[in-house]
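Below: the structure, in structure tokens.
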Amino acid sequence: MRSPIRLRRSRSRLALTAALTGLLLALSAPSALAGTGPDAPEIPVRGSAYMGVGVLAHDGAGDDSDAPLGTDTPLTATRATQTEGVDVSSHQRDVDWPTLWDSSTKWAYTKASEGTYYTNPYFKQQYDGAYDVGMVRGAYHFATPDTTGGATQADYFVDHGGGWTKDGRTLPGVLDIEWNPYGDACYGKSKSGMVTWIRDFLNRYKARTGRDAVIYTATSWWTDCTGDHDGFGKTNPLWVARYASAPGTLPSGWSSYTMWQYTSTGKTVGDHDRFNGGLEELRDFAGD
């Protein structure tokens with residue numbers, strides 16, 4: 001039979017072990033700690049990220065003061081030469097596609113997946129609904145380089161709606177690589193590590209689909225987290241994010257953009273975009 005002193009010591013060790021285990025579990029689940037202090041930022045639930053989640057917070061609504069000549073065309077001058085589009089995620093739920101179509105929105109991208117742990121429950125209504133009203137449509141993947149490798153996430157994306165068909169109505173998949181809403185802005189990666197992760201994703205997507213994926217990003221994030229890497233511009237189209245009257249300075253490696261997310265406050269659906277060309281050029285791009 002244990003002595004009272006030994007029993008108390010054993011119970012103390014058990015209590016300490018339980019406390020440490022609870023602390024480790026809490027630290028491994030960041031969303032559980034969100035908002036616990038008066039100034040603590042709200043950390044969203046994994047899977048809830050969307051295209052442009054950090055653009056307004058980090059870049060704000062810019063102006064044309066930092067736009068070098070020859071790089072930018074103000075929004076007011078593009079309406080006749082560019083084609084309106086939208087991007088959607090589960091936040092929009094069932095989208096009113098006929099209203100968007102009637103307002104001259106001709107293309108759409110739908111969030112298909114995030115990491116290797118999330119698929120959009122509204123994907124079918126959004127992806128097929130855009131197609132059914134006559135739009136050119138595509139799918140995007142929200143990257144989380146801190147969870148799994150680039151090639152693994154490309155496989156997950158293709159397997160959950162991110163593929164491509166040469167039908168003139170399906171756009172190539174998009175890698176949405178931007179600020180991490182769940183933690184460190186660069187996902188804890190070095191600049192070279194981030195470039196390697198992106199390259200692994202792009203190479204696997206090309207191998208699976210035969211198309212080069214589009215890269216969606218913001219210039220400031222690209223500069224901070226890849227060191228303004230210039231190695232993807234010759235193969236991968238750019239979708240630049242900037243909520244302003246002009247797209248601003250582009251990331252290194254690209255002399256022009258293919259798409260531009262210019263606002264988060266559009267009608268019917270908040271995120272609106274422009275394809276850098278007319279409708280026929282958009283269809284050519286889809287069926288490349």
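So here's what we get for this one:
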item	result
Residues located in the stretch 126-181, provided they are open to solvent by 10 Å² or more (accessible area, probe 1.4 Å) and of a type in the set (Ser, Thr, Tyr)	Tyr127, Tyr131, Thr147, Thr148, Thr152, Tyr156, Thr165
Unmet criterion (only one of (1) open to solvent by 30 Å² or more (accessible area, probe 1.4 Å); (2) touching a Lys or Arg at 6+ places or on another chain (Cβ under 9 Å)) for Trp197	(1)
Qualifying position, being surrounded by fewer than 23 Cβ atoms within 10 Å (Cβ to Cβ) and of a type outside the set (A, V, I, L, M, F, W, C), among Thr105, Thr99	Thr99
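The values are calculated or read from the model by the stated rules, or taken from the named source; none is laboratory data. Predicted model, so just to flag it, every value in this text is computed and none were measured. Glycine also receives a Cβ, built like all others from the backbone with ideal geometry; neighbour counts cover every protein chain displayed. The accessibility values were calculated without ligands, DNA or RNA, using every heavy atom of the protein model including side chains. Shrake-Rupley method; radii C 1.70, N 1.55, O 1.52, S 1.80 Å.
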